[in-house]
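Take a look at the structure set out below.
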Amino acid sequence: MKKRTEAQLVTAIKRYLQVLENAGDIEWHDRLNSGFVTTGKNRGFFGCRKGTPDIYIILNNGSAVVWVEAKSEKGLLSKDQEDWRMRVSNWVGHTYLIVRDLDSLIHQLKFMGVSV
């Protein structure tokens, strides 16, 4: 079976979460973009801060927030991503997931009580 790139995984996750949102099984989700864009000699920031996870999910009634970082099979967190993960670990009601395939996200959401 061909391995997915991180971009393909993010797309698959977004499509799945949209189905859950449309069915009322989660409250909200969105894709977060972060990083820099290079234009000629200038380098400009766009989107969220470096290290921000790829996707966030708000469970029903705002009961919890799930931060999702999509990674390929061998992908590692950058220092900025690791800092984010550590920060989130101190927040009540927030969970940080490193997801390498859609099935693992489905399993984690089911464990959190989401009808998947």
Scanning the stretch 80-108 for residues that are in a helix (DSSP H, G or I) and in contact (Cβ under 8 Å) with a residue 60 or more places away in the chain, which turns out surrounded by the most Cβ atoms within 10 Å (Cβ to Cβ)? LEU105
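Does TYR96 count as in contact with a helix residue (DSSP H, G or I) (Cβ under 6 Å, 6 or more places away or on another chain), of a type outside the set (Lys, Arg) and modelled with pLDDT of 95 or more?
Details: in contact with a helix residue (DSSP H, G or I) (Cβ under 6 Å, 6 or more places away or on another chain): yes; of a type outside the set (Lys, Arg): yes; modelled with pLDDT of 95 or more: yes.
Against the criterion (in contact with a helix residue (DSSP H, G or I) (Cβ under 6 Å, 6 or more places away or on another chain), of a type outside the set (Lys, Arg) and modelled with pLDDT of 95 or more), TYR96 qualifies.
Taking LEU59 as the residue in question, decide whether it is of a type outside the set (Lys, Arg) and under 13 Å from the mean Cα position of the chain (by Cα).
So LEU59 does not fit the description; no.
Within the stretch 12-66, restricting attention to residues that are among the polar types (S, T, N, Q) and modelled with pLDDT of 95 or more, which residue is surrounded by the fewest Cβ atoms within 10 Å (Cβ to Cβ)?
ASN22
The values are calculated or read from the model by the stated rules, or taken from the named source; none is laboratory data. Here the structure is a predicted model, which is why all the values come from computation and not from measurement. Cβ atoms come from the backbone with ideal geometry, glycine included; neighbour counts cover every protein chain shown.
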